[in-house]
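The next block holds one structure in the form of structure tokens; read it before the comments.
The values are calculated or read from the model by the stated rules, or taken from the named source; none is laboratory data. As the structure is a prediction and not an experimental result, all values here were calculated from the model. With ideal geometry, Cβ positions are generated from the backbone for all residues, glycine too; neighbour counts draw on all protein chains shown. Surface areas here come from the heavy atoms of the whole protein model, side chains and all, with no ligands, DNA or RNA. Shrake-Rupley method; radii C 1.70, N 1.55, O 1.52, S 1.80 Å.
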Amino acid sequence: MIALLAIPLAVFSMQEGADSAIARRLAGRVAPQIASLVAELGTAAAASGLPVDPLIQKAIEGSAKGVPADRVAAALRLIALHLDTAAAALRDGGLPSDTLAIAAGEFAISAGLSGSDITALARTGANAAALTVGLRVAGTLAALGVPPAEDIGLVSVELRAGEPASDLLLLPANVQAEMAKGATAAQAAAGLARAAAAQARHGPPPGHGQGHPHPSRPPPPHP
């Protein structure tokens, strides 16, 4: 009987600890009813292995901007739903639970992408760190107006090629540069994806990524 009681008592202790941590971060920064809702949603999220930070940040952001409490509450419930969707999508893509990747997936979904889009990126085979950056970039591209197909196509090409995070983070600026020349968001992303795919097939252009050639040795002196 003691062993059976130990499990619910441990769960209760963890929930109490999560409540206290959330309360400390929100103290004096949000209305009491919002703090209570974040504690409720956050405790449930933590128990499911989901990140709590997106909920806390949204509560603080909404309160700082003077958003009515009912709208903040609605946004918090939507974030909780998006976190669940992102976690399930990542599992479907073969990625074990990773709170940073889940938070990035929630950001991408909030920007307009779907769970199937998140799964598609997870199936590129990128590691959790690279995928987290890719999801953030995909969300930013969605916010710029890039349609999901072109968005996921571009980020997938870069992830499969194993491009460094610094290159992934340049994608939104590169898309904006093409849009400034007159391309639509979709055209810009599709063009960059084609260029990245061609480079992945044929390697970098001459003089790029191959290091500096060794200087030729001078001829030996004449005797």
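Tabulated values for the structure
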| item | result |
| --- | --- |
| Failed item, numbered, when residue 89 is tested on (1) modelled with pLDDT of 95 or more; (2) farther than 27 Å from residue 160 by Cβ; (3) not hydroxyl-bearing (Ser, Thr, Tyr) | (2) |
| Residue count for the stretch 160-178, restricted to those that are of a type in the set (A, V, I, L, M, F, W, C) and without any contact (Cβ under 8 Å) to a residue 24 or more places away in the chain | 3 |
| Leading residue by the ranking (farthest from the chain's Cα centre (by Cα)) among those in the stretch 98-149 that are open to solvent by less than 30 Å² (accessible area, probe 1.4 Å), under 18 Å from residue 163 (Cα atoms) and of a type in the set (Ser, Thr, Tyr) | 124 |
| Given (1) over 27 Å from the mean Cα position of the chain (by Cα); (2) modelled with pLDDT under 90; (3) farther than 20 Å from residue 84 by Cβ, number of the condition residue 21 does not satisfy | (1) |
| Any hit, the stretch 137-159, residues being assigned to a helix (DSSP H, G or I) and closer than 24 Å to residue 48 by Cβ | yes |
| Qualifying positions in the stretch 150-175 - more than 21 Å from residue 106 (Cβ to Cβ) and open to solvent by 40 Å² or more (accessible area, probe 1.4 Å) | 150, 160, 161, 162, 163, 164, 166, 167, 170, 173, 174 |
| Number of positions in the stretch 65-82 that are touching a residue at least 12 places away in the same chain (Cβ under 8 Å) and farther than 20 Å from residue 109 by Cβ | 1 |
| Qualifying residue in the stretch 176-194 (condition: in a helix (DSSP H, G or I), at pLDDT below 90, under 30 Å from residue 107 (Cα atoms) and not charged (D, E, K, R)) | no |
| Residue, surrounded by the fewest Cβ atoms within 10 Å (Cβ to Cβ), within the stretch 25-53, restricted to residues that are charged (D, E, K, R) and free of Cβ contacts under 8 Å to residues at least 40 places away in the same chain | 29 |
| Residue satisfying condition, being of a type outside the set (A, V, I, L, M) and within 18 Å of the chain's Cα centre (by Cα), within set 201, 160, 194 | 160 |
| Every pair of residues 6+ apart whose Cβ atoms lie under 7 Å, when the first sits in the stretch 121-148 and is more than 23 Å from residue 183 (Cα to Cα) while the second is among the polar types (S, T, N, Q) and assigned to a helix (DSSP H, G or I) | 121/156; 124/156 |
| Boolean, residue 56 is modelled with pLDDT of 95 or more, open to solvent by less than 20 Å² (accessible area, probe 1.4 Å), more than 20 Å from residue 130 (Cα to Cα) and touching a Pro at 6+ places or on another chain (Cβ under 7 Å) | no |
